[in-house]
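Worksheet: one structure, shown below.
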Amino acid sequence: MGANLPVRLLVAKRVKQLRLQRGWTQDELAYRSGRSEKHISQVERGIVGASIDVLASIATGLAVDLADLLPNRSDSAGTYACLITPQELDQIEEALRIVARAKRRRPRRGRARKP
C-alpha cells in the first residue's frame, strides 16, 4: 500500500480488499456490518473519514480485528514507519539540532579539559 497516502485512503483500500477477498458486494458488507450500502461505498472510496465505531462495525461484518483495517506501517525489513505531519517533523529536527549542540558543548566524562 502506498506509504504517502492519507490513512483514510489506506483504510478505504483495505476495507475494499477484504470485502472482495470474500466475494461480497458492498450491499452484503453493509448488511453484515449494520451500515448502509452508500456509507460502505463512501468509506471504500475514501470520501468520508470513518469513525472508530464505523470501523469497528465494518471489522465485525468482515469478521476481522479492527487493527486489520489499519495500514501495516512496517516494511519487509522490519522498520516501522510513523505517520507524522510536516510540522511535527520540523519540531523533531529542531529538537535533534538542540541535542547535537548540547553534546558538542558538554565535556565528556573521564577526560580532563584542555587548559
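When restricted to residues that are free of Cβ contacts under 8 Å to residues at least 24 places away in the same chain and either closer than 13 Å to Ala12 by Cα or assigned to a helix (DSSP H, G or I) (or both), segment 60-75 contains 2.
Being within 19 Å of Leu10 (Cβ to Cβ), out of contact with any strand residue (DSSP E or B) (no Cβ under 6 Å at 6 or more places or on another chain) and either in a helix (DSSP H, G or I) or hydroxyl-bearing (Ser, Thr, Tyr) (or both) is a property that Ala56 has. If I filter segment 1-47 down to residues being in a loop (DSSP other than H, G, I, E, B) and at pLDDT below 90, which single residue comes out as farthest from Leu69 (Cα to Cα)? Looking at residues that are in a loop (DSSP other than H, G, I, E, B) and at pLDDT below 90, I get Asn4.
If the condition is being modelled with pLDDT of 75 or more and exposed (fewer than 10 other Cβ atoms within 10 Å of the Cβ), then segment 68-85 contributes no residue at all.
Checked against the criteria, Ala59 does not count as surrounded by 15 or more Cβ atoms within 10 Å (Cβ to Cβ), within 26 Å of Pro86 (Cα to Cα) and among the small types (Gly, Ala, Ser).
The values are calculated or read from the model by the stated rules, or taken from the named source; none is laboratory data. No experiment lies behind these values; they were computed from the predicted model shown. Note that we place each Cβ from the backbone using ideal geometry, even for glycine, and neighbour counts take in every protein chain shown.
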